[in-house]
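Q: My questions will all concern the structure given below.
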Amino acid sequence: MSINGKAYIAGVYEHPTRKAVDKSLAQLHAESALGALADAGLSKNDVDGYFCAGDVPGLGALSMIDYMGLNLRHIDTTESGGSSYLMHVGHAAEAIALGKCSVALITLAGRPRAEGMATGTAPRNYGSSSPDVAFEFPFGPTVVNMYAMCAMRHMHEYGTTSEQLAWIKVAASHHAQHNEHAMLRNVVTVEEVVSSPMISDPLHRLDCCVISDGGGAIIVTSPEIAKSLKRPLVKVLGVGEAPKGQMGGKVDLTYSGARFSGATAFEEGKVKPSDMKYASIYDSFTITVLIQLEDLGFCEKGKGGAFVSDGNLIAGTGKLPFNTDGGGLCNNHPANRGGLTKVVEAVRQLRGEAHPAVQVANCDLALAHGTGGSLGTRHGASTVIMERE
Amino acid sequence: MSVKQRIFPTPESDPDTEAFWAAAKTGKLMIGSCKSCGEKHYYPRGMCPHCGSSDVGLVQSSGKGQIYSYSVLRRVDPPYAIAYVTLDDGPTMMTNIIEADLDALSIGQKVELKFSPTADEDGAPVPTFKPA
Ligand SMILES: [Zn+2]
């Protein structure tokens, strides 16, 4: 059994805010939900399945369901950090295929800026009942130094350079200049990236993503409902998800769960990496993109540095246009979780609704990939492949 | 040499790990060892993450190893070097490199165990490493 063709993405929405001092967390979720429903041409009373992760306020999904007044027959609170929302697309497709719901709503929101959260350089403590905390937290693992260790090892094993990593930011900045909502709209050069302040060796400030408030939402529906709406048809072809951790001390920082989630999604979609016209790749840091591109099979392991260089990810000139909204590196990384917006921009591309300056011609096949947690310790990976019908 | 040393938070022990932290207080670094499959693991825990057996115990590490990867976080005071060290005994563990020139670290560099005291002086020390 497969979900290939069993579900469609009928609505997407990216909240325009990047700093939400004037809105509550629940309000950001609800505004995002209404935005995606309006995009699909549906109303909140059509929703019969709700999918959310740990960024919602309250116990699981319950407070948001109550806030929005939803009447549901299916709930999924799969939590896997920034990859959660891609997993939700897969789980929604599964639920729809089994008749458990027909209009699935997925929301994400957060306000780390308004709350003054030290996102990148302060150690995160998931609580002393988390079995790894006593063996890691004392050593000051942060978001940035964990990814930095991945970059350091990748450089050691494969000769990857800071200049190659910088090309990923350069490409994102070329795209962000056209996005009026993007936080960083200046086009940057390789030299500017590698001469920006060192945050955690070998990652510079411009190797890092933005920190933003905001949110977004996705509507997944049955084929019958999608075809009754007035929007372009974006079919879910294949999905994959995989965890990766430290494997009891057999640590390998050079690859991610994308190796497994990508293979699963491509197999289900009956397509291959070279078929993709566009890719949304999770970009918490430049190194995140490079490792995942290799793992998804866009190039050989270890060749990511050469693959991303010389503008190969820039729409219009490169072979694999990526993150044409500017991605997390330049546009938006709401709630420190970039997975949902990856699906949003892929859907824009498939509909032909991306900014004209970055719209990929004849974009009929696209991939969105997310990572949640940390490539440096343990993470979830999820891949969604979509087709314009 | 870094003159300032970061203050290590004191790890909380639980029933799963109290033997590990008790040994740490006596200067011994213990790693998990499976009596069923013979594999070592880190961090130590109540089941073998390799084969699933619960017939696991602790064995003492030699405390010698090499840097698998590291990064110096520059934007804090004082800067510090987080690392994964691969023990000669097998497993790779997260740690800090101390008593070192933070600009002269390298992957593959040989290091040796030196426990560092933590914020609570009655609490357990944490296993850190210095250049061998
Ligand atoms: Zn075993």
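Q: Going by what's in this entry, would A:P202 be described as touching a Leu at 6+ places or on another chain (Cβ under 9 Å) and within 14 Å of chain B (Cβ to nearest Cβ)? Spell out the reasoning first.
A: Working: touching a Leu at 6+ places or on another chain (Cβ under 9 Å): yes; within 14 Å of chain B (Cβ to nearest Cβ): yes.
Criteria met by A:P202.
Q: If I ask for residues that are of a type in the set (D, E) and either in contact with a helix residue (DSSP H, G or I) (Cβ under 6 Å, 6 or more places away or on another chain) or not in a loop (DSSP other than H, G, I, E, B) (or both), which ones from segment B:13-50 would you list?
A: Within segment B:13-50, B:E18 is the sole residue that qualifies.
Q: Pairs only if they're at least six apart or on different chains, beta carbon under 6 angstrom, first in segment B:20-43 and within 11 Å of chain A (Cβ to nearest Cβ) and closer than 15 Å to B:D88 by Cβ, second part of a strand (DSSP E or B) and more than 16 Å from the ligand (Cβ to nearest atom); list them, first residue then second.
A: Every condition considered, the pairs that remain are B:Y42/B:M93.
Every residue, every condition in (1) within 16 Å of the ligand (Cβ to nearest atom); (2) at pLDDT 95 or above, yes or no:
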site	(1), (2)
B:P15	no, no
B:A23	no, yes
B:S36	yes, yes
B:K40	yes, yes
B:D89	yes, yes
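Q: Additional query: Has segment A:274-291 got at least one residue that is of a type outside the set (K, R), open to solvent by 20 Å² or more (accessible area, probe 1.4 Å) and outside any strand (DSSP E or B)? Step through it out loud before you land on a result.
A: Narrowing segment A:274-291 to residues of a type outside the set (K, R): A:274-276, A:278-291.
When the remaining residues are screened for being open to solvent by 20 Å² or more (accessible area, probe 1.4 Å), the result is A:274-275.
Retained after the next criterion (residues that are outside any strand (DSSP E or B)): A:274-275.
Yes; the residues of segment A:274-291 include at least one that is of a type outside the set (K, R), open to solvent by 20 Å² or more (accessible area, probe 1.4 Å) and outside any strand (DSSP E or B).
Q: Related question: Could you count how many residues in segment B:91-132 are among the hydrophobic types (A, V, I, L, M, F, W, C) and in a loop (DSSP other than H, G, I, E, B)?
A: Just the residues of segment B:91-132 that are among the hydrophobic types (A, V, I, L, M, F, W, C), to begin with: B:93-94, B:97-98, B:100, B:102, B:104-105, B:107, B:111, B:113, B:115, B:119, B:124, B:126, B:129, B:132.
With in a loop (DSSP other than H, G, I, E, B) added as a condition, the list becomes B:98, B:100, B:102, B:104-105, B:107, B:119, B:124, B:132.
Residues in segment B:91-132 being among the hydrophobic types (A, V, I, L, M, F, W, C) and in a loop (DSSP other than H, G, I, E, B): 9 in total.
Q: The conditions are (1) closer than 30 Å to B:R45 by Cβ; (2) surrounded by fewer than 18 Cβ atoms within 10 Å (Cβ to Cβ), and A:P141 fails exactly one of them. Which is it?
A: With (1) closer than 30 Å to B:R45 by Cβ; (2) surrounded by fewer than 18 Cβ atoms within 10 Å (Cβ to Cβ) applied to A:P141, the lone miss is (2).
Q: Would you be able to tell me the number of residues in segment A:116-173 that are in contact with a Leu (Cβ under 9 Å, 6 or more places away or on another chain), among the aromatic types (F, W, Y) and within 13 Å of chain B (Cβ to nearest Cβ)?
A: 1
Q: Sticking with this one: Just a yes or no: is a residue in segment B:53-67 within 16 Å of the ligand (Cβ to nearest atom), in a loop (DSSP other than H, G, I, E, B) and in contact (Cβ under 8 Å) with a residue 12 or more places away in the chain? Before the answer, list the steps.
A: At the first step, the residues of segment B:53-67 found to be within 16 Å of the ligand (Cβ to nearest atom) are B:53-59.
With in a loop (DSSP other than H, G, I, E, B) added as a condition, the list becomes B:53-55.
The next check asks that each one be in contact (Cβ under 8 Å) with a residue 12 or more places away in the chain; those that pass are B:53, B:55.
Within segment B:53-67, one or more residues are within 16 Å of the ligand (Cβ to nearest atom), in a loop (DSSP other than H, G, I, E, B) and in contact (Cβ under 8 Å) with a residue 12 or more places away in the chain.
Q: Consider segment A:324-364. How many of its residues are assigned to a loop (DSSP other than H, G, I, E, B), β-branched (V, I, T) and buried (at least 24 other Cβ atoms within 10 Å of the Cβ)? Before the answer, list the steps.
A: Residues of segment A:324-364 that are assigned to a loop (DSSP other than H, G, I, E, B), as a first pass: A:324-326, A:332-333, A:335-338, A:352-364.
Cutting the leftovers down to β-branched (V, I, T) gives us A:324, A:358, A:360.
Checking which are buried (at least 24 other Cβ atoms within 10 Å of the Cβ) leaves us with A:324, A:358.
Total satisfying the criteria: 2.
Q: Using the structure shown, decide if B:P78 is at pLDDT below 95 and either more than 16 Å from the ligand (Cβ to nearest atom) or open to solvent by less than 40 Å² (accessible area, probe 1.4 Å) (or both).
A: On the way: at pLDDT below 95: yes; either more than 16 Å from the ligand (Cβ to nearest atom) or open to solvent by less than 40 Å² (accessible area, probe 1.4 Å) (or both): yes.
It is true that B:P78 is at pLDDT below 95 and either more than 16 Å from the ligand (Cβ to nearest atom) or open to solvent by less than 40 Å² (accessible area, probe 1.4 Å) (or both).
Q: Can you name the residue in segment B:42-52 that is within 8 Å of the ligand (Cβ to nearest atom) and in contact with a Ser or Thr (Cβ under 8 Å, 6 or more places away or on another chain) and, of all such residues, is most open to solvent (accessible area, probe 1.4 Å)?
A: B:C51
Q: To continue, here is another question. Given the conditions (1) outside any loop (DSSP other than H, G, I, E, B); (2) within 15 Å of the ligand (Cβ to nearest atom); (3) not hydroxyl-bearing (S, T, Y), which single one is not true for B:V72?
A: (2)
Q: What are the residues in segment A:155-167 that are in contact with a strand residue (DSSP E or B) (Cβ under 9 Å, 6 or more places away or on another chain) and within 27 Å of B:T92 (Cβ to Cβ), if any? Even if it seems obvious, please write down each step before you answer.
A: Initial filter on segment A:155-167 (in contact with a strand residue (DSSP E or B) (Cβ under 9 Å, 6 or more places away or on another chain)): A:156, A:162, A:165-166.
A:H156, A:S162, A:L165, listed by residue number.
Q: Take segment B:81-126 and flag every residue that is hydroxyl-bearing (S, T, Y), more than 8 Å from every other protein chain (Cβ to nearest Cβ) and open to solvent by less than 20 Å² (accessible area, probe 1.4 Å).
A: B:S116
Q: Separate question: Go through (1) more than 19 Å from the chain's Cα centre (by Cα); (2) within 19 Å of A:H174 (Cα to Cα); (3) not small (G, A, S) one by one and return the number of the condition A:F322 breaks.
A: Of (1) more than 19 Å from the chain's Cα centre (by Cα); (2) within 19 Å of A:H174 (Cα to Cα); (3) not small (G, A, S), only one is false for A:F322: (1).
Q: For residues that are in a loop (DSSP other than H, G, I, E, B) and among the hydroxyl-bearing types (S, T, Y), scanning just segment A:234-273, find the one that is nearest to A:L367 (Cα to Cα). Can you show your working first?
A: So the first thing to find is which residues in segment A:234-273 are in a loop (DSSP other than H, G, I, E, B), and the list is A:245-246, A:250-257, A:270-272.
Next, from what is left, pick out any that are among the hydroxyl-bearing types (S, T, Y): A:254-256.
Working: A:T254: 22, A:Y255: 19, A:S256: 17 Å.
The qualifying residue nearest to A:L367 (Cα to Cα) is A:S256.
The values are calculated or read from the model by the stated rules, or taken from the named source; none is laboratory data. For clarity, every value in this text was computed on a predicted model and none was experimentally measured. Cβ coordinates were reconstructed from backbone atoms using ideal geometry, including for glycine residues, and neighbour counts include every protein chain displayed. SASA here: full protein model, heavy atoms, side chains in, ligands and nucleic acids out. Shrake-Rupley method; radii C 1.70, N 1.55, O 1.52, S 1.80 Å.
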